[in-house]
Each structure stands twice: as structure tokens, then as C-alpha cells.
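Let me begin by presenting the structure, written as C-alpha cells, before commenting on it.
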Amino acid sequence: MKTLVFNGSPRKNGNTAHLIEQLRERLGGESTVIQADGSIAPCKDCRRCYFKPGCAIHDGMEKVWKALSEADLVVLAFPVYINQPCGQLLTLATRFQYAYVSRYIRKDPSFSLGKRKGAVLLTAGGSTKDIDSAVDTAREILKLCGADLSGVACALHTDKIPAWEDLDAREQVRKLAAILKLSESES
């Protein structure tokens, strides 16, 4: 299984990174992690892609599209800010507008990402109790990547207990990996 992980956390070795590593270890196979660190610019809504293939912005997104086309599984990993995925991930995700435009506006029959599995890893501290809107947003991002959401694992209250000490989060990651491996063996 080839896994593509988008890490939206600004903390490269924080709680989100810990969940990513737990999942990667349990899944095995090949995996690539793309850090949403600002090196990929947000969509600037220039609408070039409305009229012809390709994006007007030339940055690391070309590598993202290649990795995405080869992935069997896409994982969105992020901390929750204001009940939504963090801004770093959302900024990168705006570039998936190209997929939407290609399919629904330009109706390009040659544009296809295929179908794959999707998963969400999220962390949250403070008073976050309701993660539903963050998961709904992640589900929409995954759809643009050609992925259907298969499951979610989360570490909540990371302000009190870090993900690496959270036994419930570890168990959620274990169960998510089992679901993803089972669905891979069935396809």
C-alpha cells in the first residue's frame, strides 16, 4: 500500500507527527509525508485552469499531484483550530481547486485521480469537544483527492496529555490501521 500523508501541523515533531508515525508503522508499505509548511502557495483564483490544463503557480504542487496519482491511501493529519483543520493544511488544500475545476467546470475527460481510501488523524487541545465540522471539512478535501473517508483517529486534550502518552489515541490509530489494511486486502 502506498500512503500519502499531508501533515498540516506547524510543529514537525509534535502531537500530530506522533500520530502519523504510529499509523505509518502499523500500515507498513511505502509512505510519503508532505509537510504543509507554506512552500506550496495557496490558490490565487486567477482562473487560468478554467480555460486550460495546468496551474499558473509553479511550485512543489507538481510533486503533490504525482504522489497523489500513485497513492492508495491519503491521510490528512492536522491539529484542530477553531473547530476546523489548521490554516496550514487549508492553504495547501486550496490548490485542490484545480481538481474540482478540471472535473466540473472544464469537464476534462482526461483528468482523473482514480479512487482511493482516505483517513484523518487529528489532534486538539483546550476546550475542543466537537470535531465533527473539522472532519466534514477533511472529508471534502479528501473527495477532491479522489479519496473516500474510511476512518478517523484523534488525540483530544493534548494541552493536558501529549499524544505519545494518550492510550486512547494509540488504540484509535491501531483500529484505524486495521480497518485500512483489511480494506486493502479486500480490493
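Just a few scattered comments:
- 3J(HN,Hα) from dihedral phi, the range 81-96, Karplus parametrisation 6.51/-1.76/1.60, rounded to Hz, x for glycine, proline: 10, 6, 6, 9, x, 4, x, 4, 5, 4, 4, 4, 4, 4, 6, 6
- Dipole magnitude (debye, nearest 20) for the range 79-187, charges at Cβ of Lys, Arg, Asp, Glu: 520 debye
- To put it simply, the accessible area of the chain at a 1.4 Å probe is 53 percent carbon and sulfur.
- Label-point separation, residue 69 to residue 171 (7 Å along Cα→Cβ), nm: 4.3 nm
- Each residue was assigned an accessible area with a 1.4 Å probe, and for residue 20 the value is about 10 Å².
- Within the listed set 74, 101, 173, the Gaussian network model of the chain (springs between alpha-carbon atoms below 10 Å) gives the highest mean-square fluctuation for 101.
- FRET efficiency for the pair residue 41 and residue 161, taken as 1/(1 + (r/R0)^6) with r the Cβ-Cβ distance and R0 = 45 Å, rounds to 0.80.
- Taking N as its residue count, the alpha carbon Rg of the range 80-187 over 2.2 N^0.38 Å: 1.22
- Taking max minus min of the alpha-carbon positions on each principal axis, the range 44-129 gives extents of 45, 29, 23 Å, largest first.
- Between 0 and 90 degrees, the angle of helix 61-70 with respect to the longest Cα principal axis of the chain falls at about 70 degrees.
- Rolling a 1.4 Å probe over the protein chains gives residue 80 an accessible area of about 10 Å².
- Computed lengthening from residue 106 to residue 11, 0.36 nm per intervening residue step minus Cα-Cα distance: 30.4 nm
- Cβ-based charge dipole, the chain, positive-most Cα from 22, 124, 8: 8
- Members of 143/175; 115/181; 66/175 lying beyond 18 Å, as alpha-carbon distances in this model show: 143/175; 66/175
- When peptides 61-69, 109-117 are ranked by their average number of other Cβ atoms within 10 Å per residue, the highest-first order is 61-69, 109-117.
- 0 to 90° range, to nearest 10: angle between helix 15-27 axis and the chain longest Cα axis: 80 degrees
- Rounded to the nearest 20 debye, the dipole size of the range 50-128 about its Cα centre is 280 debye, using +1 on the Cβ of Lys and Arg and -1 on the Cβ of Asp and Glu.
- Normalised per residue, the accessible area of the chain is 51 Å², obtained with a 1.4 Å probe and no contribution from ligands, DNA or RNA.
- Within the shell defined by Cβ-Cβ distances under 15 Å, the residues around residue 35 carry a net charge of +2, with Lys and Arg each +1 and Asp and Glu each -1.
- When the charge dipole of the range 42-116 is built from unit charges on Cβ atoms (+1 for Lys and Arg, -1 for Asp and Glu) and taken about the Cα centre, the candidate among 90, 46, 79 whose Cα reaches farthest toward its positive end is 46.
- Amide H contacts under 5 Å for residue 31, placed H, 5+ residues apart: 3
- The string of couplings for the range 138-148 from the Karplus curve (6.51, -1.76, 1.60, θ = phi - 60°) is 4, 4, 5, 5, 4, 4, 5, 8, x, 10, 9 Hz, one whole number per residue in order, with x for Gly and Pro.
The values are calculated or read from the model by the stated rules, or taken from the named source; none is laboratory data. From a predicted model like this one, the values you see are computed outputs, not experimental measurements. All Cβ positions, even for glycine, are placed from backbone atoms using ideal geometry, and neighbour counts span all protein chains on display. Only protein heavy atoms, including side chains, enter the accessible area calculation; ligands, DNA and RNA are left aside. Shrake-Rupley method; radii C 1.70, N 1.55, O 1.52, S 1.80 Å.
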